[in-house]
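The values are calculated or read from the model by the stated rules, or taken from the named source; none is laboratory data. Predicted, not measured: the structure shown is a model, and the values here were computed from it. Backbone-built Cβ (ideal geometry, glycine too); neighbour counts: all protein chains shown. Accessible surface areas use protein heavy atoms only, side chains included; no ligands, DNA or RNA. Shrake-Rupley method; radii C 1.70, N 1.55, O 1.52, S 1.80 Å.
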Amino acid sequence: IFRETLSKRGVRVITGLGKYFRQIDKNRNGFLSQAALKEALKVFHLEMPEGDFESLWLILDDSKSNKVDYGEFTHAIFGEMNEYRKASVRKAYMKLDFNKTGSVPMVDVRKCYCAK
């Protein structure tokens, strides 16, 4: 049900959620608490009955750590990227990692990308 709701609302909600998660992640650890996730869903009008939220939380917090990695959240909601998207990401990464170090410092990203 949650995936269906998100797919109907579109990319703006997804990108908005991502931006919101980064804003509320004050210590920049990439994790969301149960309360933070619930509040985010409320802000984006994605509320659900408490029982459904509890089920969602149990799926997302499979390690029982009382926190959910934002990357795992998006993976759980959207699943694996298709091969076309994976190839596009690899191509972009190879262009960004022109020194072939296996990591891309922000300085290199700024050289190749303009957000304007």
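How much of the accessible area of the range 56-116, probe 1.4 Å, is carbon plus sulfur, in whole percent?
59 percent
Summing -39500 (n - 2.57) over the DSSP H runs of n ≥ 4 in the chain and dividing by its residue number, what mean residue ellipticity at 222 nm do you reach, to the nearest 500 deg cm²/dmol? Can you show the working numbers first?
Numbers: 7 runs with 73 residues, N = 116.
Only helices count here, giving -18500 deg cm²/dmol.
Which far-off residues, 5 or more places away or on another chain, put their amide H under 5 Å from the one on Leu32, with H placed in the peptide plane?
Residues meeting the amide H criterion: Val68, Asp69, Tyr70.
What percent do you get for the relative contact order of the chain when only Cα pairs under 8 Å and 6+ apart count?
Numbers: 53 pairs, mean separation 23.4, N = 116.
Value for the chain: 20 percent.
For the range 13-116, with every protein chain kept in place, what is the accessible area per residue (1.4 Å probe, Å²)?
On the way: 7520 Å² over 104 residues.
With all protein chains present, the range 13-116 gives 72 Å² per residue.
Starting at 0 and stepping by 10 Å, how many percent of the alpha carbon pairs of the chain end up in each bin?
Values per bin, smallest distances first: 11, 35, 33, 18, 3.
Among Ser88, Asn29, Tyr70, whose Cα lies farthest out toward the positive end of the dipole of the chain, if unit charges sit on the beta carbon of Lys, Arg (+1) and Asp, Glu (-1)?
Sorting the options by dipole projection puts first Ser88.
Measure nothing but the geometry: give the 0 to 90° angle between the long axis through the Cα atoms of 34-43 and the longest principal axis through the Cα atoms of the chain, rounded to 10°.
90 degrees
Identify all aspartates and glutamates with a Cα-Cα distance to Lys86 below 20 Å; exclude those on the same chain that are fewer than 8 residues away in sequence.
Glu72, Asp97
Going Cα to Cα from Lys111, which lysines come in below 21 Å? Please leave out same-chain ones fewer than 8 positions away.
Lys91, Lys95, Lys100
Summing +1 for each Lys or Arg and -1 for each Asp or Glu, what net charge is found among the other residues whose Cβ lies under 10 Å from the Cβ of Ser63? Please report the intermediate quantities before stating the final value.
Numbers: positive: Lys64, Lys67; negative: Asp61, Asp62, Asp69, Glu72.
For residues surrounding Ser63, the net value is -2.
How would you rank 98-104, 67-73, 29-35, highest first, on the average number of other Cβ atoms within 10 Å across their residues? Please list the in-between numbers first.
Working: 98-104: 9.6, 67-73: 17.3, 29-35: 14.4.
For the peptides 98-104, 67-73, 29-35, the packing ranking is 67-73, 29-35, 98-104.
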